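Written below as structure tokens is the structure these notes are about.
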Ligand code: BGC
């Protein structure tokens, strides 16, 4: 409320001021750019939020915004003349991110157009920005006239693994007339299952496995497409292919979760606007027809797809098609309990392709193997010669056994096999539609053996959620660059609508622990703000009544069980996203979930010592009991540490939200739990008691700040000792690994961190690279060149958790770290080491591009840094001699564009406004 009041007061005063002074000034400054809504949406249609927030970036030459003026209108014409939705007037605020909409209420389908101008430090105005726009989707169930439609595929379905029903994919169609001149056509659509839509034979969109995966019993997301260009005057046809997807598919080993009743269904509403102002709506209803006699005969996420070209129905989604033996569809109304809401992040798409690099022809006469030399998630595009009636069998593998044999055991029960049955002689061009695979190798058999296999037969279509890259890192160290590539491919391989553990075996689930571990690194590399915000909604919807957070979200286990370090995703990820983006919405939206999770921690603790179940420091190397995947760190210690940390983060969130009392309350709780933690698990020498002294035990205590100052110092020494004992190797699993660089860094032990990072021997990041890894692995020793796969079947070669070290690579090797939320204030402090002679990173922050590039040449250390507009940075210079440092061509002592704020321990820190800085230091 206070903020609104302030804005209004400022607004009135500034209007007056504007009237008298600055509005008369001719704008000279370049306009704001990159206008976005909420979590970075650019001109969205089918948008999910009727009260969006507005953000923009300033041109690079602007140091500071001091005021802005934002106008919003229902048409571009009104925007300049009479912004009918909202006019902020001149607001004297530097804020250029997430300005909340406070204009006229907006409804489903409403459009808005907006533009902004700003004033710089000298109160000079910019020209107006380009016009951005947004159109809302269908925001409530009442907006749908359409009904769920589909065939009853349960009736004649087959039984698959563990007697689970496999629904035959179906095809649905309807013809309709466009009888007047069309202005626009919007298609609102979703499915129980996964769909692909066609109008007049053309695909509606390139989206993959739509509508994606949400807690279907509560919420299903809808998509909006502008299909105006696909329609023509006269007869038209719309059609859908529909398969089980996550909704009706078997998930998690052998379970069917949501699809226990009914069959896959589509919900489709096509709204036409004619030039004469009249409207026509074509909805899914009982006038549609369907068939299961189409070419996709079988489609399962884990098991693959079967395509029989003999069943092809030429032109089935056009109005010329002769309909024979299609049936009337079943119709069902929308359920009140299930909200149909616009999708709040971008669908999965084919983002890039990988060519075959090598063909291997096994001597034993089994299938020919195509090696893409990169582990990936997606489907193969197959351009393969075939003979009529033959069946092409397509198998997948992440790595071959050292003897060259095709290895699929680590897919466990997932068949992950596609088949194509040819209807004629010739070259096919096909890829599966309703399944996906995790693979590097593709094995083909059943093709026309009179032809010699060619590399172009197999191309990998890489699929993941449609976000852009935001960060780049590289260095003079090849293996470090390979690690960066592996981290990126780990993200590409597991951001498939939700964050998953792995893309290949019978799992592919939204494991919460894995997600919390990777979130900061993921944000550096990709624009995943919306992706995470969306999944957090899924997480809140999956929270148990008692505050427990399930192992996976969407929750396919429904077992009411929790794990410390996993459920803590509920507090850690919102806080991570807030610190990286400055978007307070993520805290507003998730604060209740955070509180409930903290009280759940409390409810299963005794005298503040956690009794919570835990997967522990999952897959810690050299565990005392080899069979134990949960590591050697005490579960109680882990649980208590996360309990304290969750309370601490919740207290910080309360502070940001202006909830003073709650801030105090959670701060107190954090301290109480920390005290209990210290006395339960640490002796007076800062050594672990009541449990095994592991690296992770110390890391948790230190990173979560749970010890008194004296014990902290002592515990740090014990940690160093533990690392030394391990010959400077890590001994950490999922929970400890991300903390290792952070703690060593805070201790000033960056040299040691470099040593650990650059280790070649097991367990280390480079060990997997030395064994041929092109992605992050689930285990530190998932595979070896000599012995092949680790015999454990739970062994994925595409699991992102250990990629969490990517955060340190950006933050400290290259040196870009947020000091204030959203990088309003930035630390640019690279720490050269490990024999590296150069490193660089760029990061597209909410305020613009941040850059840090360094190299060592002879005795000189060169560092170039870019600080984006409307931010400031603390730049670290490795020197204690102001005289010997050159900044932008002049001695630091004469540097005017900033000030030295510290000269300590061989580091000079200068505070600088936005701009480019070129620093030379004698070493
Ligand atoms: C998943 C993990 C997950 C774990 C829980 C595994 O099966 O693949 O990544 O966190 O179970 O311990």
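The values are calculated or read from the model by the stated rules, or taken from the named source; none is laboratory data. Values in this document were obtained by computation on a predicted structure and should not be read as measured data. Cβ: placed from backbone, ideal geometry, glycine included. Neighbour counts: every protein chain shown.
Here residue 35 meets each of (1) within 22 Å of residue 104 (Cβ to Cβ); (2) crowded, with 18+ Cβ neighbours inside 10 Å; (3) modelled with pLDDT under 95 with one exception, condition (3). Somewhere in the stretch 528-539, is a residue under 30 Å from residue 614 (Cα atoms), modelled with pLDDT of 95 or more, within 16 Å of the ligand (Cβ to nearest atom) and touching a strand residue (DSSP E or B) at 6+ places or on another chain (Cβ under 6 Å)? Within the stretch 528-539, one or more residues are under 30 Å from residue 614 (Cα atoms), modelled with pLDDT of 95 or more, within 16 Å of the ligand (Cβ to nearest atom) and touching a strand residue (DSSP E or B) at 6+ places or on another chain (Cβ under 6 Å). The residues in the stretch 699-725 that are in contact (Cβ under 8 Å) with a residue 40 or more places away in the chain and at negative phi can be counted, and the count is 7.
Sub-8 Å Cβ pairs linking a first residue in the stretch 494-515 that is closer than 12 Å to residue 554 by Cβ and touching a residue at least 24 places away in the same chain (Cβ under 8 Å) to a second residue that is part of a helix (DSSP H, G or I) and within 7 Å of the ligand (Cβ to nearest atom), at least 6 apart or interchain, are 499/514, ordered by first then second residue. Of the set (1) assigned to a strand (DSSP E or B); (2) touching a helix residue (DSSP H, G or I) at 6+ places or on another chain (Cβ under 9 Å); (3) surrounded by fewer than 19 Cβ atoms within 10 Å (Cβ to Cβ), all apply to residue 915 but (2).
Okay, residues lined up against (1) on the phi > 0 side of the Ramachandran plot; (2) touching a residue at least 12 places away in the same chain (Cβ under 8 Å):
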| position | (1), (2) |
| --- | --- |
| 123 | yes, yes |
| 138 | no, yes |
| 152 | no, yes |
| 163 | yes, no |
| 168 | no, yes |
| 174 | no, yes |
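Screening residue 460 on (1) buried (at least 22 other Cβ atoms within 10 Å of the Cβ); (2) closer than 21 Å to residue 213 by Cβ; (3) more than 16 Å from the ligand (Cβ to nearest atom) shows it passes everything except condition (2). Note on the stretch 495-509: residues that are within 12 Å of the chain's Cα centre (by Cα) and more than 10 Å from the ligand (Cβ to nearest atom) total 5.
Screening the candidates 57, 102, 90 for the property of being at pLDDT 95 or above, within 28 Å of the chain's Cα centre (by Cα) and over 30 Å from residue 187 (Cβ atoms) yields one hit, 57. All of 680, 665, 685, 655 fail the test of being closer than 22 Å to residue 563 by Cα and more than 16 Å from the ligand (Cβ to nearest atom), apart from 680.
Could you say which residue among 481, 525 is surrounded by fewer than 24 Cβ atoms within 10 Å (Cβ to Cβ) and either more than 11 Å from the ligand (Cβ to nearest atom) or farther than 17 Å from residue 468 by Cβ (or both)? Being surrounded by fewer than 24 Cβ atoms within 10 Å (Cβ to Cβ) and either more than 11 Å from the ligand (Cβ to nearest atom) or farther than 17 Å from residue 468 by Cβ (or both) holds for just one of 481, 525, which is 481. Screening residue 117 against (1) surrounded by fewer than 21 Cβ atoms within 10 Å (Cβ to Cβ); (2) in contact (Cβ under 8 Å) with a residue 60 or more places away in the chain; (3) part of a loop (DSSP other than H, G, I, E, B) leaves a single unmet condition, (3). Criterion first (within 25 Å of residue 643 (Cα to Cα) and assigned by TED's automatic domain parsing to the domain that holds residue 809) does residue 733 satisfy it? Answer is yes for this residue. In the stretch 271-316, counting only strands (runs of 3 or more DSSP E) that sit wholly within it, the ones holding 2 or more residues that are within 33 Å of the chain's Cα centre (by Cα) and surrounded by 16 or more Cβ atoms within 10 Å (Cβ to Cβ) span 296-300, 304-308. Apart from one condition, residue 880 fits all of (1) without any contact (Cβ under 8 Å) to a residue 40 or more places away in the chain; (2) assigned to a strand (DSSP E or B); the exception is (2). Take the conditions (1) over 26 Å from residue 726 (Cβ atoms); (2) away from the ligand (no atom under 16 Å from the Cβ); (3) touching a helix residue (DSSP H, G or I) at 6+ places or on another chain (Cβ under 9 Å); residue 645 misses just one of them, which is (1).
Among (1) modelled with pLDDT under 90; (2) more than 38 Å from the chain's Cα centre (by Cα), which single condition is residue 898 missing? Looking at each condition in turn, residue 898 falls short on (2). Residues in the stretch 731-746 that are touching a helix residue (DSSP H, G or I) at 6+ places or on another chain (Cβ under 7 Å), more than 16 Å from the ligand (Cβ to nearest atom) and touching a residue at least 40 places away in the same chain (Cβ under 8 Å): 731, 739, 740, 741, 742, 743, 745. For the stretch 730-751, residues that are buried (at least 18 other Cβ atoms within 10 Å of the Cβ) and in a helix (DSSP H, G or I) total 7. Quick check on the stretch 72-81. Is at least one of its residues over 19 Å from residue 49 (Cβ atoms) and under 30 Å from the mean Cα position of the chain (by Cα)? Within the stretch 72-81 (the criterion being over 19 Å from residue 49 (Cβ atoms) and under 30 Å from the mean Cα position of the chain (by Cα)), the answer is no, since none of the residues qualifies. The condition of being within 16 Å of the ligand (Cβ to nearest atom), in contact (Cβ under 8 Å) with a residue 24 or more places away in the chain and under 23 Å from residue 648 (Cβ atoms) holds for residue 563.
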